[in-house]
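Peer 1: My questions all concern the structure below.
The values are calculated or read from the model by the stated rules, or taken from the named source; none is laboratory data. Predicted model, so just to flag it, every value in this text is computed and none were measured. Cβ placement follows ideal geometry from the backbone for every residue including glycine, while neighbour counts extend to all protein chains displayed. We work out accessible area using only protein heavy atoms, side chains counted, and drop any ligands, DNA or RNA first. Shrake-Rupley method; radii C 1.70, N 1.55, O 1.52, S 1.80 Å.
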Amino acid sequence: MKTAGYYLKEHWRGIVGYFGAAAIILIVGLLYEVRMEAMSYAVFLSMIWLILWGSANFVRYVRRSREREEMLKNISFLRPGAQSADTLAEEQYQKMLSVLWDQKMEKESDAAIARQESVDYYSLWAHQIKTPLAAMRLLLQEEGQEHGSDSFLKEMDKELFRTEQYVEMVMTYVRIGDISKDLVLQWYSLDKLIKQAVRKYSRLFILQKLKLNYQESDRIVLTDEKWLSFILEQLLSNALKYTKEGEISIRVSEGKEHELTLMIQDTGIGIYAEDLPRVFERGFTGYTGREHKKSTGIGLYLCKQVADKLGHSIWIESEPGVGTTVFLGLGRVPVQAE
C-alpha cells in the first residue's frame, strides 16, 4: 500500500495529463458534433490502455523498488552503477554517487595508510624502548645481588615492571582495530592461561606482600590464547595496582548451560557506584583514578574491546573500601561480523 502511494505521488502529473487530454478530445468532439458512441468507445479503449500500461509500469516500479532495497542492505559493498539507469535523472544521480564513492574510497585509503604508518612507528618505538628497559632490569638485578633486599631497588623493580606493561598496552591500543585479523580461536586449558598470567605478575605479588588465593580448574575454553592472556594480565595488573594489603582471589564458576565465569577479586580501594557504568569507556578514570593518579582510563577499555571481539562478556561489581570483583564470562555470545 505504501509503495502504491509513492507510485501515485511520482506519476500524478502523467495521470492528470491523460485525463486533461481525454477531456480536450471530448470537448472538441462535441464542438464538431462527433457521434457520442464513437467518442465513448475511443475513451473506453484509451482507459483500457491506461490500465494495462499503468499495471505493467507499476509492477516494474515495485520490482525496481525491491532491487534498491536489496542494494541498500549491501550498500557498503556495492559501487554506484550496479543498477541500470532508466532516466536522465537516475543517470545523473549515479554519476554524483560515483564521484562521492571515489572520494570516500580515497579517504579510506589515506586513513588506512596513515594508520599503518602509526602502527609501524609505535611498533618500532616499542621494540627500541625495550632495549633500555632490559638494560635497566639487568642493572637492577646486579645492584640487588650486591646490596641485597634494598627497599629502593624493590620499588624501582616494581616501577620498571609497570613501565614494561605500559609499553605492551600501547601496542595493544594501536592494534586493537585490526584484532580480527589476528584471532586464532582454539580450545585452551583455562588453568594454564591463568597460571601464565599469575607467573608474569609473581614479582609484584612478592614485592607488595599480597596473598594469592586460587584453586586450580580443569576447564577448557574456546578463545584466543594471546588476547585472553592480555585481558587476564590487565585485570591482575589493576588488582595489584589498587590493593595495598590483603589478598587477590581467582575463582572459576560454572553457571547455566555449563557457561564458565572467571572472577578476579581484590581487597583494594574499590570503585564508587556512580563510576561503575562508565569504567569501560575510553579515557574514563573515575574518582578513584583521579584521587590516586594511577589510572590511564585505557586498560579496562581495551579489556572490553578484546572481550567483545572474542565473544566473551565482562562486568564489574565493587564497593569502596571493600574491594572489586571483575567477572569474565567465557561463554560464546554472538559476534557481529565486521
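Peer 1: Condition first: touching a helix residue (DSSP H, G or I) at 6+ places or on another chain (Cβ under 9 Å), of a type outside the set (A, V, I, L, M) and at pLDDT below 90. Now tell me which residues in the range 199-213 satisfy that.
Peer 2: Lys200, Tyr201, Arg203, Phe205, Gln208
Peer 1: If only one of Ser84, Ser98 is among the small types (Gly, Ala, Ser) and at pLDDT below 75, which one is it?
Peer 2: Ser84
Peer 1: Here is a follow-up. Restricting attention to the range 215-242, which residues are closer than 21 Å to Gln186 by Cβ and hydrophobic (A, V, I, L, M, F, W, C)?
Peer 2: Scanning the range 215-242 gives Ile220, Val221, Leu222, Trp227, Leu228, Phe230, Ile231, Leu232.
Peer 1: Tell me which residues, restricted to the range 236-268, are open to solvent by less than 40 Å² (accessible area, probe 1.4 Å), at pLDDT 90 or above and assigned to a strand (DSSP E or B).
Peer 2: Once the filter is applied, which keeps residues that are open to solvent by less than 40 Å² (accessible area, probe 1.4 Å), at pLDDT 90 or above and assigned to a strand (DSSP E or B), the range 236-268 yields Ile248, Ser249, Ile250, Thr261, Leu262, Met263, Ile264, Asp266.
Peer 1: Under 6 Å between Cβ atoms, at least 6 apart or on separate chains: pull out the pairs that start in the range 24-47 with a residue that is among the small types (Gly, Ala, Ser) and end on any residue that is surrounded by 10 or more Cβ atoms within 10 Å (Cβ to Cβ).
Peer 2: That search, which allows pairs on different chains as well, returns Gly29/Met39.
Peer 1: Right, here's the next one. Would you mention how many residues in the range 212-235 are open to solvent by 20 Å² or more (accessible area, probe 1.4 Å), within 25 Å of Tyr301 (Cβ to Cβ) and outside any strand (DSSP E or B)?
Peer 2: Selection size over the range 212-235: 4.
Peer 1: Which ones in the range 27-57 are part of a helix (DSSP H, G or I) and of a type in the set (Ser, Thr, Tyr)?
Peer 2: Step one: filter the range 27-57 for residues part of a helix (DSSP H, G or I), giving 27-31, 36-57.
Across the range 27-57, the qualifying residues are Ser40, Tyr41, Ser46, Ser55.
Peer 1: In the range 174-228, which residues are polar (S, T, N, Q) and within 21 Å of Glu164 (Cα to Cα)?
Peer 2: In the first step, residues of the range 174-228 are kept if they are polar (S, T, N, Q); the result is 180, 186, 189, 196, 202, 208, 213, 215, 217, 223.
Gln196, Ser202, Gln208, listed by residue number.
Peer 1: Also, I was wondering about something else. Within the range 188-211, restricting attention to residues that are in a strand (DSSP E or B) and open to solvent by less than 60 Å² (accessible area, probe 1.4 Å), which residue is nearest to Thr172 (Cα to Cα)?
Peer 2: Taking the range 188-211 as the starting set, the residues that turn out to be in a strand (DSSP E or B) are 188-189, 211.
Now drop any that are not open to solvent by less than 60 Å² (accessible area, probe 1.4 Å), which leaves 188-189.
Details: Tyr188: 22, Ser189: 23 Å.
Applying the filter and picking the extreme gives Tyr188.
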